[in-house]
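Remarks on the structure that follows.
The values are calculated or read from the model by the stated rules, or taken from the named source; none is laboratory data. Keep in mind that this is a model prediction, so the values were computed, not measured. Cβ coordinates were reconstructed from backbone atoms using ideal geometry, including for glycine residues, and neighbour counts include every protein chain displayed. Surface areas here come from the heavy atoms of the whole protein model, side chains and all, with no ligands, DNA or RNA. Shrake-Rupley method; radii C 1.70, N 1.55, O 1.52, S 1.80 Å.
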Amino acid sequence: MYRFLILFLMLSLSCSEHKSETKMEVQKNKKVVIAHRGASGYLPEHTLLAKAMAYAMDADYLEQDIVLSKDNVPIVIHDIHLETVTDVALKFPERKRKDEKFYVIDFTFNELKQLNVSERFEPATNKAVFPKRFPTFTSTFKLHSLQEEIELIQGLNKSTGKNIGIYPEIKDPAFHQKEGKDISKIVLKILNNYGYKTKNDRCILQCFDADELKRIRKEFKSELFLVQLMEFKEEEKLEDIAIYANGIGPWYKQIIKGKDKNGNWLISDLVKKAHKYNLKVHAYTFRADQLDDFETFEELLKVALYDADIDGVFTDFPDLAVDFINKKD
Ligand code: CA
């Protein structure tokens, strides 16, 4: 009887293993939606509310840009300075540097918590960068740490049963180094503490700085999925990138190069080349309120995801991208 039980257990185990493998296979080729700074088309970027909204919209990953505070707390914020998304100029007018900017790294976590966050604006004029979005300087939004955001996402994963990932970006490691701080060391330790250790842990780590990504792979021996963010100059280096990274993050205009004289979209061979080196391609930034030459957001998504065959989009409008992919797949 006991033997039968063991046999049964082994059989059902191998069955479920097989099942999850097939599921993984399907998942592997699924187009992914990365909520760029959260659902930032609808709520001020990188606020916990923008993240909760993106989570509810079923994005596959929520993005975190990370900059260190004076007391080494990783803050989720896009720029290394504060005056484009907070009221720092009102609350701490004497704390700007000679270049008129207020640096995150000059403030403690407690000081940063005193600031109110707004929809992005031009500090010189106080005008909104995206006029159709959430009104500037309204309601109450706050900055938060990487740990607070991970706890929000992991908490929601527990309460909803979903498994939504994180997609942190190490911002300007050279600047941090110059200020005497090792941002990657601090961030990797936190990711590790929260269980993000390997490629299977629903965490993708991104950086523009190639030397830093190599250091993360070699010196810190990180086994995370690494994405090399790219500007035009790195296009020829895919073979080198494939040695330390698992994907690339180009601007979509490196892939879609306008139209030919017959009105067909011109698509570069960047995606094909990247796929040849087994690199995933997650392009930025897809905005329904910034279409450039495209008639509709759907057209932009179609050309990028299906004609050019990129693997994922960083978007301020995760609901629209999720809907579009669900209809297509
Ligand atoms: Ca970013």
Among T125, P318, L90 - extreme Cα towards positive end, dipole of the chain, charges at beta-carbon: P318
Bins of 10 Å, starting at 0 and running to the largest distance - Cα pair percent for the chain: 5, 24, 32, 24, 10, 3, 1, 0
Distant-in-sequence amide H partners of I267 (H built 1.01 Å from N, under 5 Å): K257
Rounded percent of accessible protein surface that carbon and sulfur make up, the chain, 1.4 Å probe: 54
For the stretch 140-154, 3J(HN,Hα) per residue [Karplus equation, 6.51 cos²θ - 1.76 cosθ + 1.60, θ = phi - 60°, Hz, x = Gly/Pro]: 10, 10, 10, 6, 8, 8, 4, 4, 4, 6, 4, 5, 4, 5, 5
Size of charge dipole - the chain - debye, nearest 20, with Cβ of Lys, Arg +1 and Asp, Glu -1, no other charges: 720
Other-chain or far-sequence residues with amide H under 5 Å of G165's (modelled H): Y61, L62
Surface per residue (accessible, 1.4 Å probe) for the chain, Å²: 51
Cross-link pairs K218/K280; K30/K218; K30/K328; K51/K91; K51/K214 - those with Cα-Cα distance over 22 Å: K30/K218; K51/K91; K51/K214
Rounded, prolate or oblate (a/c below 1.5 giving rounded, otherwise prolate when a/b exceeds b/c) for the stretch 171-233 by Cα gyration tensor: oblate
DSSP beta bridge pairing in the stretch 68-217, given as percent antiparallel to the nearest 5: 75
Per-residue HN-Hα couplings for the stretch 199-215 [Karplus 6.51, -1.76, 1.60; θ = phi - 60°; Hz; x = Gly/Pro]: 5, 8, 9, 6, 9, 10, 9, 10, 7, 7, 7, 5, 4, 5, 5, 4, 5
Amide H contacts under 5 Å for D65, placed H, 5+ residues apart: I77, E169
Dipole of the chain [Lys/Arg +1, Asp/Glu -1 at C-beta], most positive-end residue of H81, M53, Y277: Y277
Centroid-to-centroid separation of the stretch 120-158 and the stretch 174-214 [C-alpha atoms, Å]: 22
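Can you tell me how the stretch 61-192 classifies by the Cα gyration tensor, rounded, prolate or oblate, using a/c under 1.5 as the rounded cut?
oblate
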DSSP-defined antiparallel bridges as percent of all bridges, the chain, nearest 5: 25
HN-Hα J in Hz across the stretch 94-105 - Karplus 6.51, -1.76, 1.60, θ = phi - 60°, x for Gly and Pro: 7, 9, 7, 7, 4, 7, 6, 9, 10, 8, 3, 5
Prolate/oblate/rounded call for the stretch 261-329, Cα gyration tensor, a/c under 1.5 rounded: oblate
The stretch 265-327 - charge dipole about Cα centre, Lys and Arg +1 at Cβ, Asp and Glu -1, debye rounded to 20: 480
